[in-house]
1. Within the stretch 122-139, count every residue that is surrounded by fewer than 18 Cβ atoms within 10 Å (Cβ to Cβ), in contact with a strand residue (DSSP E or B) (Cβ under 6 Å, 6 or more places away or on another chain) and without any contact (Cβ under 8 Å) to a residue 40 or more places away in the chain.
2. Within the stretch 85-101, track down each residue that is touching a residue at least 12 places away in the same chain (Cβ under 8 Å) and either part of a strand (DSSP E or B) or under 15 Å from P126 (Cα atoms) (or both).
3. Filter the stretch 74-110 for residues that are loosely packed, with under 11 Cβ neighbours inside 10 Å and touching a Ser or Thr at 6+ places or on another chain (Cβ under 7 Å); which is nearest to A132 (Cα to Cα)?
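Every number here is computed from the coordinates shown, using simple stated rules; none is lab data. If you're wondering where the values come from, they're calculated on a predicted model, not measured in any experiment. Cβ coordinates were reconstructed from backbone atoms using ideal geometry, including for glycine residues, and neighbour counts include every protein chain displayed.
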Amino acid sequence: MTTDILDDGSSVKVCTISAGFLRFATLAMFLSVLGACGGLAGGSHSRSAAEAAFPPKPRDCKIDVYRDHPPGRAFNVVGHVVVTIEQPPGTPPLDDDSIITSALPQLREGACDAGADALVDVVVRPGTGQMAVVTAQTVRYSASR
């Protein structure tokens, strides 16, 4: 996770999670609950989120953004990017468009790190206090450029 300070004084936290890691984490959580209930004996292993399916691209790579609709071509989800926007205390809340605009550089950087071609389903989720969370799926086109 990285933290960046924006020009307006707000801070942004970026966390990149690969699709493979999310599948593993979901399975691990399920197996942990099942094991706690006595339905499974044994242990589990973990896999690093850094073990991405695709090599990272340069941090300034071109990333298409599809906020309200999917790309017009076939794609595969390669991961998710989560960016936290924190506003200085006492400032008026930002609207969703302003929050997404503030988060886009970090979202794009996370997509480049994941080896993605685009961001889809870019959504602002409510946070607490002066904080908002922006999530997006990172995707790779089926016939990648």
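1. 2
2. Let us first name the residues in the stretch 85-101 that are touching a residue at least 12 places away in the same chain (Cβ under 8 Å), namely 85-89, 91, 93-94, 96, 99-100.
Correct list: I85, E86, Q87, P93, L94, D96, I99, I100.
3. At the first step, the residues of the stretch 74-110 found to be loosely packed, with under 11 Cβ neighbours inside 10 Å are 74, 88-90, 92-93, 95, 97.
Retained after the next criterion (residues that are touching a Ser or Thr at 6+ places or on another chain (Cβ under 7 Å)): 74, 88.
Numbers: A74: 31, P88: 12 Å.
Looking at the filtered set, the residue picked out is P88.
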